1. Are any residues in the stretch 21-62 under 22 Å from D131 (Cβ atoms) and in contact with a Ser or Thr (Cβ under 8 Å, 6 or more places away or on another chain), and if so, which ones?
2. Give the stretch 55-92 a look and list any residue that's in a loop (DSSP other than H, G, I, E, B) and among the charged types (D, E, K, R), or say none.
3. Restricting attention to the stretch 14-33, which residues are without any contact (Cβ under 8 Å) to a residue 40 or more places away in the chain and within 14 Å of the chain's Cα centre (by Cα)?
4. Does M15 fit the bill of being at pLDDT below 95 and within 27 Å of N118 (Cβ to Cβ)?
5. Are any residues in the stretch 93-117 assigned to a helix (DSSP H, G or I) and surrounded by fewer than 14 Cβ atoms within 10 Å (Cβ to Cβ), and if so, which ones?
6. What about S56, is it small (G, A, S) and either surrounded by 14 or more Cβ atoms within 10 Å (Cβ to Cβ) or in contact (Cβ under 8 Å) with a residue 12 or more places away in the chain (or both)?
7. Scan T120, T127 and give me the residue that is under 30 Å from M15 (Cβ atoms), in contact (Cβ under 8 Å) with a residue 12 or more places away in the chain, surrounded by 14 or more Cβ atoms within 10 Å (Cβ to Cβ) and out of contact with any strand residue (DSSP E or B) (no Cβ under 8 Å at 6 or more places or on another chain).
8. Is there a residue being in contact with a helix residue (DSSP H, G or I) (Cβ under 7 Å, 6 or more places away or on another chain) and among the hydroxyl-bearing types (S, T, Y) anywhere in the stretch 18-40?
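The values are calculated or read from the model by the stated rules, or taken from the named source; none is laboratory data. Given the structure is predicted, the values throughout are model-derived calculations rather than measurements. So basically every Cβ, Gly included, is an ideal-geometry build from the backbone, and we count neighbours across all protein chains shown.
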Amino acid sequence: MKISKKSDYALRVLMTLVEYYGREPISIRELADRNAVPKRFLEHIMLDLKSQGWVSSLPGKSGGYILAQKPDDINMGEIVRHFDNLLAPINCVSINHYERCSQEAVCKFRRVFLDVRNETTRLMDNTSLADAFRGEPVRRQEVFDEVLIGGAGI
């Protein structure tokens, strides 16, 4: 599974809004700067987040964006699904973007991708923004752990 830039940027900004939850609104310029997101692209993302009821905006000089729901009430799965429409790694195991494959009746590796879909969905749907925010950032050495990377392309 690879998420889009929209999902990535939305999650970055939402983490900042979780950090400021219950405090003052944050301007779109500050959100863009803090999260390395192009401001014009972020404007569209914020409209999407607002239309879903996840954020709200306050007008005026000291206005900006705030979370419209508690961080515990928004999960990562719904954010990624909204922007990317799916969590499945291949279409023959997707519910919303199912595409029949000529090998379905005999395919042995499809089961692995179904398990990946189910585990990814479970993890993303059970991880609220608050849970993700409480987590520790991933260290570079974790990404390149020799035990896990045995092959290229991860």
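1. I26, L31, R34, N35
2. Residues of the stretch 55-92 that are in a loop (DSSP other than H, G, I, E, B), as a first pass: 59-63, 68-70, 74, 85-90.
If the condition is that a residue be in a loop (DSSP other than H, G, I, E, B) and among the charged types (D, E, K, R), then K61, K70 are the ones that fit.
3. T16 - this is the single residue of the stretch 14-33 that is without any contact (Cβ under 8 Å) to a residue 40 or more places away in the chain and within 14 Å of the chain's Cα centre (by Cα).
4. no
5. R111, V112, D115
6. On the way: small (G, A, S): yes; either surrounded by 14 or more Cβ atoms within 10 Å (Cβ to Cβ) or in contact (Cβ under 8 Å) with a residue 12 or more places away in the chain (or both): yes.
Considered against the rule, which asks whether it is small (G, A, S) and either surrounded by 14 or more Cβ atoms within 10 Å (Cβ to Cβ) or in contact (Cβ under 8 Å) with a residue 12 or more places away in the chain (or both), S56 comes out as yes.
7. T120
8. Yes; the residues of the stretch 18-40 include at least one that is in contact with a helix residue (DSSP H, G or I) (Cβ under 7 Å, 6 or more places away or on another chain) and among the hydroxyl-bearing types (S, T, Y).
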